[in-house]
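Report on the following structure.
Where a number appears in this text, it was derived from the coordinates with a stated rule and is not lab data. Since this is a predicted model, take the numbers as computed values, not measurements. Every residue, glycine as well, gets a Cβ built from its backbone with ideal geometry; the counts of neighbours run over all protein chains shown.
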Amino acid sequence: MNIILKTPTTDYAEDIWQFREEILSSNDSDMFAGCGTLKDSLSPQEWINCVTECNKISNEGKAPSSTYIAVSESENKVVGIIELRHHINTPVLSLWGGHIGYTVRPSERRKGIATKMLNLVLQKAKEININRLLLVCDADNIGSEKTILKNGGIFEKAIIIDECEMKRYWINLSEV
């Protein structure tokens, strides 16, 4: 499946909302990683407005970020959402949040979409001069770990946050 990353717009409002509903009904423990406020938004437009503003925010302990919808070219369907944080100079992001968060639509998982999304967002990181990125996943999230490794992730260490073991990886774009 070929995918492209797009800035969220109202053209995809209905599909973004269906994506949200599918995640809510899946009972996924990692739901909404990289989706910003999608879980709590009252409408697709509210979420689109929020992620648009997050591109500008650099206060209140938040880093500016770019959120993209991953769209299947053949179906013109939202299959994932990925967020690129422009820096990790906050306590949470520098420890376990990292530069990138992402979620693949439950019905589209295990098709290599996360690997493609991450690869595409790494190109976006290069464009804004982020050359070294921290990615973190739950220690038992084998799919995320494989995605990170396929994109050049180098294991740094495991950490414990709120009794949850997480693995930290770095991707150095000058080496990928």
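The table below gives the values:
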{"read-out": "Centre separation in Å (Cα based) which lies between the range 9-32 and the range 138-176", "value": "25"}
{"read-out": "Translational D in µm²/s for the range 109-176 (Stokes-Einstein at 20 °C, 1.002 mPa s, Kirkwood Rh from C-alpha pairs)", "value": "172"}
{"read-out": "The range 1-48: Cα Rg divided by the 2.2 N^0.38 Å rule of thumb", "value": "1.15"}
{"read-out": "Under 5 Å, built H, 5+ apart or other chain: amide partners of G101", "value": "E83, R85"}
{"read-out": "The chain - mean residue ellipticity at 222 nm from DSSP helices (-39,500 (n - 2.57) per run, n ≥ 4, rounded to 500)", "value": "-8500 deg cm²/dmol"}
{"read-out": "Calculated SAXS-style log₁₀ I(q)/I(0) at q = 0.24 Å⁻¹ - the range 59-148, Debye, Cα scatterers", "value": "-1.28"}
{"read-out": "Surface/4 of the Cα convex hull for the range 10-125, nm²", "value": "7.3"}
{"read-out": "Protection proxy ranking of 33-41, 137-145 - average other beta-carbon atoms within 10 Å, highest first", "value": "33-41, 137-145"}
